[in-house]
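Notes follow once the structure below has been shown.
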Amino acid sequence: MKLAMNLYEIVHSDNKAQTLNYFPQVRSACERVLTLADGTTKLNFSSCDYLGMANNALMKNAAINAIQEYGTNISGPMIFCGYTRYHEELEKRYAELFQVNHALMYTTSYQANIGALPVIAEDIELIIMDKLCHVSLYDAVKLSGKPFRVYQHNNMKKLADIIKNNMGKRILIVSDGVFSADGDFCNIPELCKLKSIYSDIMLYIDDAHGVGTLGENGCGLVEVSGCLGEVDIIIGTMSKSFGSTGGFCIIRDDILAQKVKYKSSTYNASRSVSPGVAAASCTALQINQWEGKARRAKLVELVTYAHQRLEGTRVNKQLSVSAVIPVIFETVEQAIAVNSYLLRHNIMVSLFVPPYVEKNKSRLRITIIYHHTKEDIDTLVTVLDNAIEKVIC
């Protein structure tokens with residue numbers, strides 16, 4: 001295969017797109033096993049349904065009832081005519097969960113970032129962000145038009161040096177919580193320490209992969225780090241752990257929250273999620289109150305087991321400690337070959353290539369979910385280790 005440097009080139013380089021499993025034709029609900037259009041079944045390690053709620057009966061019934069009550073579309077922005085009782089209740093539930101007065105719901109967490117961050121940055125003079133931030137954060141920072149600096153991944157010394165060299169400026173520090181492609185954690189306590197040392201710093205954490213999976217109450221890495229009262233803005237999603245759709249923005253400062261509410265274009269100039277989705281999300285947060293601790297405990301057990309089983313294999317998972325486990329390869333071709341081997345053995349993972357990850361760090365991303373079994377993980381590890389041996393060694 002010709003050396004391919006981006007997704008389009010990979011798909012079209014030799015007309016073998018079917019071996020990559022992009023846009024698989026799924027014909028079953030999101031579970032540990034997926035049925036595809038060709039009738040085959042695949043053990044699913046590509047889902048972000050971390051708490052196993054995407055096919056929950058209570059959530060489905062809530063969505064159906066809301067659609068019967070309000071229809072399938074709110075037919076206008078929430079600011080004018082689309083703020084149903086389900087949308088109102090959902091924002092209240094977000095605020096209660098994170099112990100703030102105001103929370104904003106968005107159609108996706110991507111829209112939350114590109115809508116909220118530019119407004120928040122209006123009074124900011126410099127944005128400093130982790131190199132491995134999600135693409136939505138890069139897009140949001142660019143939209144803000146503000147000067148920005150990037151520090152090496154989780155390098156707190158480099159971050160501190162940038163801050164020292166910009167003393168007196170109003171600074172916004174931006175980072176993922178759980179990093180979406182690497183599965184490691186942002187050092188949130190150290191960010192809070194820097195905020196306490198230097199004035200005029202705000203902290204903005206996108207914790208899409210941490211909210212739901214981590215914390216006593218499911219508030220994510222910020223909660224686990226003991227910093228809920230210190231991080232200024234938290235972005236979360238309903239589309240992963242909570243099995244629904246949509247993003248949200250938690251803002252601790254009431255005045256800033258009102259400013260974002262009225263100035264964020266993706267909040268008030270765009271349709272929100274449907275009434276059915278809003279109702280399903282409300283129910284998801286109820287389930288989190290009832291069962292969240294137990295679901296997280298089981299997930300932690302499975303994640304711990306997966307990391308233990310991968311020790312001693314040929315897998316390079318870098319510093320991952322979460323339900324997101326990367327398998328790093330030196331070349332795009334190696335990642336594709338191992339991915340194809342897994343598919344032939346009826347296992348689905350996620351294939352990441354440049355520009356979505358760094359050059360020479362193409363990877364397969366494994367995600368562990370509540371519905372997996374230890375036997376599933378054993379199967380994955382055995383097939384994956386065999387694949388790497390055959391393809392690379």
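The values are calculated or read from the model by the stated rules, or taken from the named source; none is laboratory data. Nothing here was measured: the structure is a model prediction, and the numbers come from that model. For neighbour counting, all protein chains shown are included, and Cβ atoms are generated from backbone atoms with ideal geometry for every residue, glycine included. Note: areas computed on protein heavy atoms with side chains; ligands, DNA, RNA excluded. Shrake-Rupley method; radii C 1.70, N 1.55, O 1.52, S 1.80 Å.
Within region 228-248, list the residues whose amide N lies under 11 Å from a label point set 7 Å along Cα→Cβ of Glu69.
Under 11 Å, as judged by backbone N against the label point of Glu69, lies no residue of region 228-248.
If you restrict to DSSP beta bridges whose two residues both lie in region 57-288, what percentage is antiparallel, to the nearest 5?
35
Within region 197-227, which residues have the backbone N less than 16 Å from the label spot 7 Å out from Gln152 along Cα→beta-carbon, could you tell me?
Flagged as within label range: none.
For region 91-156, take N as its residue count and report Rg(C-alpha) divided by 2.2 N^0.38 Å.
For region 91-156, the normalised Cα radius of gyration comes out at 1.25.
Which value in nm describes the separation of the simple spin-label points at Tyr22 and Asn360, placed 7 Å from the Cα toward the beta carbon?
Distance between label points: 2.4 nm.
Can you give the longest run of the chain that contains no GluC sites (Glu not before Pro) sitting in a DSSP loop with at most 12 other Cβ atoms inside 10 Å?
1-215
Give me the Kirkwood hydrodynamic radius of region 57-288 in Å, from all C-alpha pairs, to one decimal place?
About 17.8 Å, per the Kirkwood formula over Cα pairs.
If you average the alpha carbon positions of region 210-246 and of region 60-133, how far apart do those two centres end up, in angstrom?
14
If R0 is 25 Å, what FRET efficiency do you get for Asn316 and Glu216 from their C-beta distance, rounded to 0.05?
In this case the efficiency is close to 0.15.
In the structure shown, do any of Lys142/Lys259; Lys131/Lys359; Lys42/Lys390; Lys293/Lys361 have a Cα-Cα gap over 24 Å, and if so which?
Lys293/Lys361
Which shape class applies to region 47-174: rounded if a/c is under 1.5, otherwise prolate when a/b exceeds b/c and oblate if not, where a ≥ b ≥ c are the square roots of the Cα gyration tensor eigenvalues?
prolate
If the elastic network links every pair of Cα atoms under 10 Å, which of Pro326, Pro354, Pro118 fluctuates the most in the Gaussian network model of the chain?
Of Pro326, Pro354, Pro118, the most mobile in the Gaussian network model is Pro354.
Take the alpha carbon gyration tensor of the chain, find the square roots of its eigenvalues, order them as a ≥ b ≥ c, and report rounded if a/c is under 1.5; if not, report prolate when a/b exceeds b/c, else oblate.
Verdict is oblate for the chain.
Working with all protein chains in place, sort Asp123, Asp206, Asp232 by solvent-accessible area computed with a 1.4 Å probe, largest first.
Solvent-accessible surface, decreasing: Asp123, Asp232, Asp206.
Only bridges whose two residues both fall in the chain count here: according to DSSP, what percent of them are antiparallel, nearest 5?
Taking every DSSP beta bridge with both residues in the chain, the antiparallel ones total about 55 percent.
To the nearest 20 debye, what is the magnitude of the charge dipole of the chain about its Cα centre, counting +1 on the Cβ of each Lys and Arg and -1 on the Cβ of each Asp and Glu?
400
Quick one: with all protein chains in place, what share of the accessible area of the chain is carbon or sulfur, to the nearest percent (1.4 Å probe)?
On the chain, the fraction of accessible area on carbon and sulfur atoms equals 51 percent.
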